[in-house]
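The values are calculated or read from the model by the stated rules, or taken from the named source; none is laboratory data. Computed from a predicted model, the values in this text were never measured in an experiment. In this analysis, Cβ positions are derived from the backbone assuming ideal geometry, glycine residues included, and neighbour counts consider all displayed protein chains.
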Amino acid sequence: MDAYNDIFGSTAKALNLRSKRMELISSNIVNADVAGYKSKDIDFKKMMSKEMSGLLSNTHSKHLGGLAEGQMKYVYRVPVNPSENGNTVETNYEQAQFGRESTRYAATLQFLENRVGGIRRALRGE
């Protein structure tokens with residue numbers, strides 16, 4: 001696992017956090033009609049700084065990342081147009097956030113792919 005972190009560094013951690021954030025946003029969209037559901041998100045910058053400083057630790061030695069469910073600190077958004085049933089999901093906002101995050105995820109993945117390509121070229125001696 002240390003070699004994995006040495007090679008891919010913060011890029012792999014960022015990809016993992018972005019994936020988790022996309023899961024949360026998609027969960028918000030799915031639960032847009034559930035009474036009392038609170039829209040959840042994470043503060044990417046805070047979580048990434050904790051991940052980089054080692055504050056997010058694995059709960060089991062076989063876990064790949066430090067993103068244990070109990071360690072996630074959710075951010076609850078206050079809606080602009082609150083619904084009568086207590087649901088705080090605003091579908092248009094969540095869809096826009098998902099689009100932005102998927103673009104960031106794709107950019108992070110592209111950066112990681114370029115890094116892998118560089119390692120391949122180095123191993124081949126190019």
Quiz item: Inside segment 13-45, can you point out the residues that are of a type outside the set (A, V, I, L, M, F, W, C), surrounded by 14 or more Cβ atoms within 10 Å (Cβ to Cβ) and not in a helix (DSSP H, G or I)?
Solution: N31, Y37, K38, S39, K40, D41
Quiz prompt | S83 over 30 Å from G9 (Cα atoms), small (G, A, S) and surrounded by 11 or more Cβ atoms within 10 Å (Cβ to Cβ) | solution = yes
Exercise. Please specify each residue of segment 74-120 satisfying the condition of being modelled with pLDDT under 90, in a helix (DSSP H, G or I) and of a type in the set (K, R).
Key: R115, R120
Exercise. State all residues of segment 103-126 that are surrounded by fewer than 15 Cβ atoms within 10 Å (Cβ to Cβ) and polar (S, T, N, Q); if no residue qualifies, say none.
Key: T103, Q110, N114
Quiz item: Of the residues that make up segment 37-60, is at least one at pLDDT 90 or above and over 16 Å from the mean Cα position of the chain (by Cα)?
Solution: yes
